[in-house]
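Contents: one structure, followed by commentary.
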2 protein chains.
Amino acid sequence: MRTIDDMDRRILAHLQKDASIPLDDLGARVGLSRNACWRRIKALEESGVIRGRVTLLDPEALGLGLTVFIFVRTSRHEPDWLDKFARATRAMPEILGAYRMSGDLDYLIRARVADVAGYDRLYRALIRKVEMSDVSSSFVMEEIKETTELPL
Amino acid sequence: MRTIDDMDRRILAHLQKDASIPLDDLGARVGLSRNACWRRIKALEESGVIRGRVTLLDPEALGLGLTVFIFVRTSRHEPDWLDKFARATRAMPEILGAYRMSGDLDYLIRARVADVAGYDRLYRALIRKVEMSDVSSSFVMEEIKETTELPL
DNA sequence: AATGAAACGAGATGTCC
DNA sequence: GGACATCTCGTTTCATT
């Protein structure tokens, strides 16, 4: 794996905020020439530090005004169950995140839907696909922070 | 606000996955000329549907192997407290998401840290900044799904 | 081994029909 | 939607330290 130095971090910090910044500008900001930047970025891509460049959309504008967290407990702890759960959540586009947790909570799901009716559809589809003993949901009233930027 | 039709959705679906796709390829995939694609994208940017283009990084490669969810209850419900909480979470780069919730849970925080020691530092920094009556955390054992793609 | 200057070429941008 | 001209910017080459 590539050793990431301070200059890499500075470059990544900028790219995390805005991937469409020209190499000239980026170089000027971090104090490097255009192709020194370019070489580092390419190396970071090849080593897998950079996962990709994506376009971020406004959920509100797309009619996805409601974020919901779904807390799941299950009595079934076979690997088979996890497999089914993983396939189900990955196949449902409303589900943005799914996590197996420590503690007494077993699984946590983060999803985006239009409204409460949309949540209900998601909920029904989910329990139809995977057996769950205890499901409780909590709606996001206010999104205080939401970022894709990792701490560097 | 702009009305988003089916063609817009198809374009956005591709851009959400990969922002660096050439306009020619994008046009071929959705069945539109490069020019038509370009015009739509520009309109979607100006109307705010497209928020921006960012680079996604690999947390593991950056030594951020641990995702943690922090559940917060507070006895203080003045707008002043929320203000302080919002400023604190926004200022802490380890915190990727912060939400005011419905139900008996008051606030939920999603964060990325290196390890349990890193979590402890974050926890201490947080309670030093904002008064909280009840904080409990749960660590992510397995990231089953994590995406920035919204359902279209 | 990493950098910078310069040249090259692909693709984005803007305008025409 | 297509065709065009222009120009920015990613990419390659090479010299330098």
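Quick notes on this structure:
- The residues in the range B:110-152 that are over 26 Å from A:Leu56 (Cα atoms), not basic (Lys, Arg) and not in a loop (DSSP other than H, G, I, E, B) can be counted, and the count is 17.
- Condition check for A:Asp58 on (1) touching a strand residue (DSSP E or B) at 6+ places or on another chain (Cβ under 8 Å); (2) within 16 Å of DNA strand C (Cβ to nearest atom): one failure, at (2).
Listed here are the residues, each with its yes/no results for (1) farther than 15 Å from A:Glu143 by Cα; (2) open to solvent by 50 Å² or more (accessible area, probe 1.4 Å).
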position	(1), (2)
B:Arg100	no, yes
B:Tyr107	no, no
B:Asp115	yes, yes
B:Arg128	yes, yes
B:Glu142	yes, yes
B:Leu152	yes, yes
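- Filter result for the condition that a residue is more than 26 Å from A:Leu23 (Cα to Cα) and open to solvent by 60 Å² or more (accessible area, probe 1.4 Å), over B:Thr3, B:Thr67, B:Thr89: B:Thr3
- In the range B:29-64, the residues that are open to solvent by 20 Å² or more (accessible area, probe 1.4 Å) and away from DNA strand D (no atom under 16 Å from the Cβ): B:Glu46, B:Ser47, B:Gly48, B:Arg51, B:Leu56, B:Asp58, B:Glu60, B:Leu62, B:Gly63
- Count - residues of the range A:109-152 that are within 21 Å of the chain's Cα centre (by Cα) and either more than 12 Å from chain B (Cβ to nearest Cβ) or free of Cβ contacts under 8 Å to residues at least 60 places away in the same chain (or both): 19
- Whichever residue in the range B:49-73 is free of Cβ contacts under 8 Å to residues at least 12 places away in the same chain and more than 15 Å from the chain's Cα centre (by Cα) and, among such residues, is nearest to A:Arg100 (Cα to Cα): B:Glu60
- Hey, A:Trp81 farther than 22 Å from B:Lys17 by Cα and more than 12 Å from DNA strand C (Cβ to nearest atom) or not: yes
- Within the range B:1-98, helices (runs of 4 or more DSSP H) holding 2 or more residues that are within 7 Å of chain A (Cβ to nearest Cβ) and at pLDDT 95 or above: B:6-17, B:79-91
- Test result for B:Thr67, among the hydroxyl-bearing types (Ser, Thr, Tyr), closer than 30 Å to A:Ala13 by Cβ and within 15 Å of DNA strand D (Cβ to nearest atom): no
- Top-ranked residue of the range B:6-28 - restricted to ones that are open to solvent by 80 Å² or more (accessible area, probe 1.4 Å) and of a type in the set (Asp, Glu), ranked as farthest from DNA strand D (Cβ to nearest atom): B:Asp6
- Looking only at the range A:74-103, residues that are in contact with a strand residue (DSSP E or B) (Cβ under 9 Å, 6 or more places away or on another chain), in contact (Cβ under 8 Å) with a residue 12 or more places away in the chain and either closer than 17 Å to B:Lys145 by Cβ or outside the structural domain of A:Val135 (by TED's automatic domain parsing) (or both) come to 13 in all.
The values are calculated or read from the model by the stated rules, or taken from the named source; none is laboratory data. Predicted model only: the values in this text are computed from it and were never measured. Heads up, the Cβs are rebuilt from the backbone with ideal geometry, glycines too, and the neighbour counts pull from every protein chain shown. Remember, those area values only see protein heavy atoms, side chains included, never the ligands or the DNA or RNA. Shrake-Rupley method; radii C 1.70, N 1.55, O 1.52, S 1.80 Å.
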